[in-house]
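The values are calculated or read from the model by the stated rules, or taken from the named source; none is laboratory data. Here the structure is a predicted model, which means the values were calculated and not measured. Here the Cβ is made from the backbone with ideal geometry for all residues, glycine too, and neighbour counts use every protein chain on show.
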Amino acid sequence: MRRVHPIEAESYRILHELVDLSRFGPLGRAVAGRVIHASADLDYAESLVLDEAILRRSLKALRRDAPVVTDVHMVAAGVTARKPLCYVSDPRARELSNKFGITRSAAGFRLVAAEVGRGAIWVVGNAPTALLELLDLKPDPALVIGLPVGFVGAAESKEKLLESGLPAIANRGPKGGSAVAAAALNALVYYEEDRT
């Protein structure tokens, strides 16, 4: 059972005074709240695209221990109570990156896709190239958390994710990041505990 520190509880109290998350369902509010808490950025209340039915199915996949895959180690470090797969530093990813002229994050996703098969949860917080690679791989995921950050390709990759029809958590625009992506997943991981 996770203990909520008084500072975290007070932070959420303040957050709920500052922003209205009522447009979301219960799981959507949990995800949006954690994302805003992790970033102190109230804009996520408007830019996040969350579908309650997708979040419910994703929660079931997590409870069945679906594999979690991240684009970079910073996202993996922020994921609590799970051991994500992250192949960005795998020597094979470096070889693929050099051979095909792709980023190591994209190469890492290419490697992991061959191992995890269907039903994984993919978390992208840093590399738009990894998200685009994932869309090309068509992995039949349980969920794609697509929250890469940056001015080169981040917004575009998220739009492609949203247009793909894959079950997704994403936002519109260049904002995102490792902490935000990990927070979105952690919201689902801790959903039942946070409600008690």
Original post:
Which of the following residues is in contact with a Gly (Cβ under 7 Å, 6 or more places away or on another chain), of a type in the set (A, V, I, L, M) and within 18 Å of LEU143 (Cα to Cα): LEU50, LEU21?
Top reply: LEU50
**OP:** Six or more apart or on different chains, Cβ under 6 Å: which pairs go from a residue in region 63-74 that's β-branched (Val, Ile, Thr) to one that's surrounded by 14 or more Cβ atoms within 10 Å (Cβ to Cβ) and part of a loop (DSSP other than H, G, I, E, B)? Could you list them?
**Re:** VAL68/ARG82; VAL68/PRO84; VAL69/ALA120; THR70/PRO84; THR70/CYS86; VAL72/VAL88; VAL72/ASN126
Original post:
Which of (1) at pLDDT 95 or above; (2) over 14 Å from the mean Cα position of the chain (by Cα); (3) crowded, with 16+ Cβ neighbours inside 10 Å is the odd one out, the single condition ASN171 does not satisfy?
Top reply: (2)
Original post:
Counting only residues that are of a type in the set (S, T, N, Q) and part of a helix (DSSP H, G or I), which one in region 87-133 is surrounded by the fewest Cβ atoms within 10 Å (Cβ to Cβ)?
Top reply: ASN98
Original post:
Quick one: how many residues across region 12-41 are over 17 Å from the mean Cα position of the chain (by Cα) and surrounded by 14 or more Cβ atoms within 10 Å (Cβ to Cβ)?
Top reply: 6
Original post:
Out of the residues in region 157-177 that are assigned to a loop (DSSP other than H, G, I, E, B) and not hydrophobic (A, V, I, L, M, F, W, C), which is nearest to LEU188 (Cα to Cα)?
Top reply: PRO167
Subject >> Which listed residue, of GLY119, GLY101, GLY78, is on the phi > 0 side of the Ramachandran plot and in contact (Cβ under 8 Å) with a residue 40 or more places away in the chain >> reply: GLY119
**OP:** For ALA76, work out the one condition from (1) in a loop (DSSP other than H, G, I, E, B); (2) under 13 Å from the mean Cα position of the chain (by Cα) it doesn't fulfil.
**Re:** (1)
**OP:** Hey, can you tell me all the residues within region 36-93 that are among the hydroxyl-bearing types (Ser, Thr, Tyr) and over 14 Å from LEU188 (Cβ atoms)?
**Re:** SER39, TYR44, SER47, THR70, TYR87, SER89
Original post:
Before we move on, is ILE54 of a type outside the set (Phe, Trp, Tyr), over 15 Å from ALA181 (Cα atoms) and touching a residue at least 12 places away in the same chain (Cβ under 8 Å)?
Top reply: yes
Original post:
Any residue at all in region 136-156 that is in contact (Cβ under 8 Å) with a residue 40 or more places away in the chain, in a helix (DSSP H, G or I), out of contact with any Ser or Thr (no Cβ under 6 Å at 6 or more places or on another chain) and on the phi < 0 side of the Ramachandran plot?
Top reply: no
**OP:** Could you please find all residues in region 43-59 being closer than 14 Å to VAL19 by Cβ and part of a helix (DSSP H, G or I)?
**Re:** TYR44, ALA45, GLU46, SER47
